[in-house]
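Please read the structure below before turning to the comments.
The values are calculated or read from the model by the stated rules, or taken from the named source; none is laboratory data. Keep in mind the model is a prediction, meaning the values are calculated, not measured. Note: ideal-geometry Cβ built from the backbone for every residue, glycine included; neighbour counts use all protein chains shown.
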Amino acid sequence: MEESQHIIDYLDKTKQKKKLLPTFQVVFNHTLEVLKKKGRYEVSLSLLGPDEMHQLNLKYRKVDAPTDVLTFAYREADFIKEPITDLGCIMICPDIAKKQAKEYKHPYERELAFLFIHGLLHIFGYDHHGNDADAKKMFALQNEILDTLPIDFYTDINRLKKELLLAQAGSMATYSHFKVGAVVVTKDGKYHRGFNIENSSYPATVCAERCALFSTYAAGYHLEDIVSLGCITSSRNVGTCCGVCRQVMSELMNLTCPVYIFNRDEKKKLFTTVGELLPASFSKKDLNA
Ligand SMILES: [Zn+2]
């Protein structure tokens, strides 16, 4: 793995089972990229228990309760002429993050990413305590960063593989006998199946990817609900999506959405994104330009 130019001085006092630093590192790099920050940055990130968060919240914010995230930005004067800009400290409480994740019905690691982004935006001067316009600006940016993270917090790959086999079993490949299954995963944890449906008038055939996507939309979901798309073919090779499906995917999914493609025995795979499958795609923006 390429060494990141940005540094997280990381301390986990809560002994999390899963190593979370790689996730935080991606979140840090991505946030700096979206904010168009040049140079190298360092931040201290600590995961603390609710009692310690409570003490710090009381001491520094005069609030007598535990909290999910605390941020201490270094003063501007400290930034000057350092090769690496030290941003300050962020403290996150995983116990509270876990509760909030349940409340907001999204994955725990996504809530941790959200809190880290929230802290980073505070360090860069964004605020939501003052007027409504500032708060609106901060929350919009926060959501943009979270929604474009190159991390899939939702898709369970083992479940996806099972769903793909079930989808493929329904394939109506009457003429080619080339069975394809596709599955669209949505943020509510649902897996929407589709398969190729062939027709004696060959061009009337629909591919599994479009079948799964169209049925997801028909069930009332929208672009922002879609997390990823999986696909399995009856080829020994990794048979990737056709050009027509790539065009449709580029319009009905975010370009950053992961695409997981497996060959028939799942020994070969290609994990990519919609944007990588169709770079420089034609879009509705081009229509009226
Ligand atoms: Zn296709």
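Annotation for segment 167-187: at least one member residue is modelled with pLDDT under 95, farther than 19 Å from Arg246 by Cα and either away from the ligand (no atom under 13 Å from the Cβ) or within 26 Å of the chain's Cα centre (by Cα) (or both).
Residues that are within 20 Å of the chain's Cα centre (by Cα), more than 19 Å from Asp51 (Cβ to Cβ) and not in a helix (DSSP H, G or I) within segment 83-125 comprise Tyr104, Lys105, His106, Pro107, listed in sequence order.
Against the definition (part of a strand (DSSP E or B) and within 16 Å of the ligand (Cβ to nearest atom)), how does Gly230 come out, yes or no? Yes: the conditions hold for Gly230. Look at (1) at pLDDT 95 or above; (2) in contact with a Gly (Cβ under 7 Å, 6 or more places away or on another chain) and you find that Lys99 fails only one, number (2). Among the residues of segment 233-253, those that are assigned to a loop (DSSP other than H, G, I, E, B) and within 13 Å of the ligand (Cβ to nearest atom) comprise Thr233, Gly239, Thr240, Cys241, Cys242. Every test in (1) more than 22 Å from Phe178 (Cα to Cα); (2) touching a Lys or Arg at 6+ places or on another chain (Cβ under 9 Å); (3) more than 14 Å from the ligand (Cβ to nearest atom) is passed by Lys268 save one, and that test is (1). Confirm whether Ser200 is part of a loop (DSSP other than H, G, I, E, B), away from the ligand (no atom under 11 Å from the Cβ), exposed (fewer than 14 other Cβ atoms within 10 Å of the Cβ) and of a type in the set (Ser, Thr, Tyr). So Ser200 passes the test.
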